[in-house]
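The values are calculated or read from the model by the stated rules, or taken from the named source; none is laboratory data. In this text the structure is predicted, and so the values were computed from the model without any measurement. Heads up, the Cβs are rebuilt from the backbone with ideal geometry, glycines too, and the neighbour counts pull from every protein chain shown. Just the protein is used for accessible areas: all its heavy atoms, side chains included, with ligands, DNA and RNA removed. Shrake-Rupley method; radii C 1.70, N 1.55, O 1.52, S 1.80 Å.
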Amino acid sequence: RYEPTWGSLDARPLPAWFDEAKFGVFIHWGVFAVPSFGSEWFWWYWQKEKREQYVKFMEANYPPGFSYEDFGPQFTAEFFDPNQWADILKASGAKYVVLTSKHHEGFTLWGSKYSWNWNAVEVGPKRDLVAELAASVRNMTDLRFGLYHSLFEWFNPLFLEDATDGFKTRKFPTSKSLPELYEIVTKYQPEIIWSDGDGNAPDTYWNSTGFLAWLYNDSPVRDTVVTNDRWGVGSICTHGGFYTCSDRYNPGHLLPHKWENCMTIDMRSWGYRRDAQLDDYLTVEDLVKQLVETVSCGGNLLMNIGPTHDGRIAVVFEERLRQMGAWLKVNGEAIYGTKPWRAQNDTVTPQVWYTFSPKEGKVNAIFLNWPVSGTLELGEPQAKLGETQVKLVGYKEPLKWAALGDKGILIALPQLTHQQLPCQWGWTLQLTGTD
């Protein structure tokens with residue numbers, strides 16, 4: 001059994017499925033999808049920081065005295081079709097999904113008995129959005145279902161009171177945050193608890209170790225659940241399950257601890273923005289690059305989309321997710337279930353990243369630019385005559401190659417038209433019989 005101490009909790013082995021999965025989809029959905037302007041931090045930027053663009057937006061479009069709470073009934077979700085979402089998630093090639101059950105605004109996407117009159121069952125859609133998506137994902141896909149939960153809430157009077165007392169009182173975690181965590185685990189049995197928003201309070205204030213000990217010892221998901229590292233000031237990148245370290249974290253080198261790169265397709269926001277321009281969205285080439293770099297360095301990629309207030313996944317997000325799925329259909333064997341190789345990227349040719357398939361003993365070299373010369377030089381592999389074989393994934397014939405001294409290999413790529421390429425954005429060479 002795990003003790004409620006970091007020493008004990010950090011020693012828990014991460015369930016193997018998470019490292020094998022490599023790719024997940026993050027969904028930021030909440031009342032912030034109603035103004036859908038600027039950022040999911042809309043309420044904070046407008047009311048607390050009083051940023052000019054937010055104040056002007058409200059003055060120009062809403063009557064005087066309009067409050068953030070007044071957005072609640074406008075969060076309608078009339079087009080929310082959880083089966084359609086599940087279909088898109090399945091097509092993306094992702095192996096898990098993480099939904100924001102509650103963001104820093106405090107609005108819960110389930111009918112929480114600890115969030116009276118500020119939840120999706122009582123206000124807005126009048127539906128349990130968490131339950132509906134969980135059911136569709138579990139019935140229609142093999143994705144693992146996870147939930148994001150914000151520990152703190154910007155404007156909750158109990159939290160503000162505790163903060164004023166220097167967190168010596170614990171009214172908010174005991175009456176709101178912790179009961180919610182126990183509630184979502186018991187009710188929805190998520191296999192990822194993605195905690196966030198420590199509110200500058202230590203983990204002792206949140207009783208994070210007490211909750212995690214229960215989660216790992218006695219909860220209905222104790223054997224398969226994975227957690228992140230955002231459990232109070234100082235815990236990020238230090239304690240918990242996998243490390244996130246910061247948003248959009250992509251170190252570019254191997255880390256000794258399992259980590260995740262959580263990032264957004266819309267570079268400026270996690271929530272939906274009506275005013276987003278096309279060049280605010282990462283291209284599929286950008287996304288494939290993120291995935292390949294992340295996985296080669298031992299990480300998982302958690303790619304975020306923000307649905308609309310009426311429950312739609314915008315077409316641009318759907319297209320990107322389906323493109324990722326198309327790429328993974330061809331190249332998935334170089335991603336899923338792989339381990340980092342002794343080199344992460346190539347020393348001679350930039351934009352070549354390595355993974356290793358332990359079962360088959362294959363080195364995967366994923367290259368993001370097709371060379372004009374038709375030959376690809378790799379500085380890392382040590383090829384052996386009569387043993388080494390090189391294959392382009394999605395192409396039948398083995399490729400010709402020549403060793404370059406003790407280390408390095410020159411590979412002749414097949415002459416293919418654009419239409420004949422196995423895929424459009426990054427290709428995988430599989431090397432067997434090489435060190």
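Couple of notes before you dig in:
- For segment 263-291, residues that are in contact (Cβ under 8 Å) with a residue 12 or more places away in the chain, not hydroxyl-bearing (Ser, Thr, Tyr) and not in a helix (DSSP H, G or I) total 11.
- Count of segment 134-177 residues which are part of a helix (DSSP H, G or I), of a type in the set (A, V, I, L, M, F, W, C) and buried (at least 21 other Cβ atoms within 10 Å of the Cβ): 4
- Hits in segment 95-114 (condition: over 19 Å from Glu132 (Cα atoms) and not aromatic (Phe, Trp, Tyr)): His104, Glu105, Gly106
- Number of positions in segment 368-400 that are in contact (Cβ under 8 Å) with a residue 12 or more places away in the chain and more than 13 Å from Gly433 (Cα to Cα): 18
- Only one of the numbered conditions (1) open to solvent by less than 10 Å² (accessible area, probe 1.4 Å); (2) within 26 Å of Gly241 (Cα to Cα) is not met by Thr308, and that is (2).
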